[in-house]
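Structure first, commentary second.
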Ligand code: SF4
């Protein structure tokens with residue numbers, strides 16, 4: 001394999017956090033989020049969170065060792081009315097391998113449950129199996145979303161080498177749906193020319209695993225993401241750069257802003273996804289009991305722009 005976007009072994013380090021619960025804005029929605037870790041061992045080439053963090057995002061993982069205690073203080077002092085559903089997490093995977101050592105996500109979930117806070121989890125991991133009972137006991141007030149990009153092991157090993165195989169994730173989802181937890185799958189990103197043809201298969205696996213809600217969106221590019229994707233194309237032995245330049249109307253060098261695929265391409269994929277979800281009798285988007293808010297246009301620059309997993 002040629003050049004890659006990570007080194008061979010990530011290091012784990014504890015650090016202390018001053019605050020844990022933060023507002024976020026992403027793709028037209030806003031809400032609250034917690035991130036007990038900084039950096040992510042899943043090492044996805046397309047990760048939207050890298051730019052917001054450090055260049056060491058994949059190689060140096062920080063565990064916010066006081067996250068649960070700070071969260072407890074923040075919730076105890078909460079004076080901004082009824083709390084909205086909290087996203088766990090927006091810029092790291094809460095069930096990456098570091099969670100086995102530090103257990104910070106579990107500790108934070110216990111605090112959210114203690115204060116009756118609704119939450120939704122975004123993960124690509126099966127380590128969440130450990131917390132089946134924890135989430136199961138709170139199933140009326142939580143929503144667990146797995147981000148699944150591909151069922152191809154060849155593709156996964158290159159594009160998101162730290163994640164679990166999709167077959168293992170679907171086994172985990174089945175356990176959660178069997179105990180009545182509302183389960184979602186976010187097919188994100190749908191990667192042009194590489195994973196776009198997998199939509200029907202992934203949706204079918206979702207149905208078999210008891211998933212109720214499915215959604216997804218097409219890969220967006222940014223300078224760093226485009227660089228990593230080119231390394232991934234090379235590692236997969238794919239000659240698709242020219243086709244990408246057309247789909248995304250790429251004019252290099254890209255800048256720090258996101259570049260989306262053409263409207264036609266996005267509409268074609270969205271239509272395929274919605275039709276597959278409808279045929280499988282599942283719901284597109286979030287369930288009603290954990291809804292995200294559309295952006296309140298009156299919010300000012302206090303809100304930072306984060307990406308989500
Ligand atoms: S996309 Fe999510 S799971 Fe993958 S590296 Fe980024 S934060 Fe981690």
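The values are calculated or read from the model by the stated rules, or taken from the named source; none is laboratory data. Here the structure is a predicted model, which means the values were calculated and not measured. Ideal geometry is used to build each Cβ from the backbone, glycine not excepted, and the neighbour counts take in all protein chains shown.
For the reader, a short list of remarks on this structure follows.
- Tallying residues that are away from the ligand (no atom under 16 Å from the Cβ) and either in a loop (DSSP other than H, G, I, E, B) or touching a helix residue (DSSP H, G or I) at 6+ places or on another chain (Cβ under 6 Å) (or both) within the stretch 135-155 yields 5.
- Flag for residue 37 being surrounded by 20 or more Cβ atoms within 10 Å (Cβ to Cβ), within 28 Å of residue 227 (Cβ to Cβ), modelled with pLDDT of 95 or more and under 14 Å from the mean Cα position of the chain (by Cα): yes
- Residue within the stretch 69-88 that is touching a residue at least 12 places away in the same chain (Cβ under 8 Å) and under 22 Å from residue 149 (Cα atoms) present: yes
- Test: residue in the stretch 95-116 that is modelled with pLDDT of 95 or more, in contact with a strand residue (DSSP E or B) (Cβ under 7 Å, 6 or more places away or on another chain), within 12 Å of the ligand (Cβ to nearest atom) and outside any helix (DSSP H, G or I): yes
- Residue 187 being over 21 Å from residue 153 (Cβ atoms), surrounded by 14 or more Cβ atoms within 10 Å (Cβ to Cβ), in contact (Cβ under 8 Å) with a residue 40 or more places away in the chain and touching a helix residue (DSSP H, G or I) at 6+ places or on another chain (Cβ under 6 Å): no
- Total residues in the stretch 2-47, condition away from the ligand (no atom under 16 Å from the Cβ), outside any strand (DSSP E or B), touching a residue at least 60 places away in the same chain (Cβ under 8 Å) and on the phi < 0 side of the Ramachandran plot: 3
- Top-ranked residue of the stretch 151-163 - restricted to ones that are touching a residue at least 12 places away in the same chain (Cβ under 8 Å) and over 14 Å from the mean Cα position of the chain (by Cα), ranked as surrounded by the most Cβ atoms within 10 Å (Cβ to Cβ): 159
- Some residue of the stretch 119-129 being assigned to a helix (DSSP H, G or I), within 16 Å of the ligand (Cβ to nearest atom) and either at pLDDT 95 or above or surrounded by fewer than 18 Cβ atoms within 10 Å (Cβ to Cβ) (or both): yes
- Condition check for residue 211: on the phi < 0 side of the Ramachandran plot, more than 16 Å from the ligand (Cβ to nearest atom), outside any helix (DSSP H, G or I) and crowded, with 17+ Cβ neighbours inside 10 Å: yes
- Counted residues, the stretch 193-205 - those being outside any helix (DSSP H, G or I) and surrounded by 20 or more Cβ atoms within 10 Å (Cβ to Cβ): 2
- Taken over the stretch 69-88, the criterion of being within 16 Å of the ligand (Cβ to nearest atom) and in contact with a helix residue (DSSP H, G or I) (Cβ under 8 Å, 6 or more places away or on another chain) is satisfied by 88 alone.
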